[in-house]
Amino acid sequence: PVPAIKDRAARILNAVFPRMTLGNEIENTMLTRDPAVWAEFEKDNLRHTLISSGIYLGMMESFEVTLSRATEITLPTFLQMSETDPVVSTPKAKEFFQAISSPNKRIVLYGDGACHESYNDIHREIAFQDLEKNLKGFIK
């Protein structure tokens, strides 16, 4: 969770300097354990580590709405994530998953230090295999 002081600061900044951006504190090592992908990230001019308070507040509001409406999800759902995701809350994601009403839902949690971006992490082959296995039931 975001510390209360940072959340409060974001609300103040949004009111006073809504276009100001600050570092999001997400390091490449939180996204993947693959040094080759880190190098790609560093060369990508469209990747950055900045976020505005408005984006942060919008995301927080969206998370609350999404969680509160999870029971309305009745379509097949497949989630893949790290058991200890350093970017998003794994417990909150599990709570969201449990609230989904779809009888056809599946979650795969990756251990052994898996990072946030499963398809960019060193366990990507397993993540893609899991995705393919899940999709095969829908592709005719």
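For this structure, a couple of remarks:
- Taken one residue at a time, the phi angles of the stretch 101-116 give Karplus couplings (6.51, -1.76, 1.60, θ = phi - 60°) of 7, 4, x, 10, 9, 8, 10, 10, 10, 9, x, 6, x, 3, 9, 5 Hz. Gly and Pro are set to x.
- Taking amide H atoms as placed 1.01 Å from N in the peptide plane, the amide H of Gln80 lies under 5 Å from those of Val108, each 5 or more residues away in sequence or on another chain.
- Between 0 and 90 degrees, the angle of helix 53-68 with respect to the longest Cα principal axis of the chain falls at about 40 degrees.
- Cα-based helix-to-principal-axis angle, 90-99 vs the chain, degrees rounded to 10: 60
- Exposed chymotrypsin sites (Phe, Trp or Tyr not before Pro) absent: longest stretch of the chain, with sites in DSSP loops and at most 13 other Cβ within 10 Å deemed exposed: 1-118
- Across all C-alpha atoms in the chain, the radius of gyration and Dmax reach 17.3, 54 Å.
- Element breakdown for the chain at a 1.4 angstrom probe: carbon and sulfur atoms account for 59% of the accessible area.
The values are calculated or read from the model by the stated rules, or taken from the named source; none is laboratory data. A quick note: this is a predicted structure, and the numbers were derived from the prediction, not measured. Cβ atoms come from the backbone with ideal geometry, glycine included; neighbour counts cover every protein chain shown. Ligands, DNA and RNA are excluded from the accessible area calculation, which covers all protein heavy atoms including side chains. Shrake-Rupley method; radii C 1.70, N 1.55, O 1.52, S 1.80 Å.
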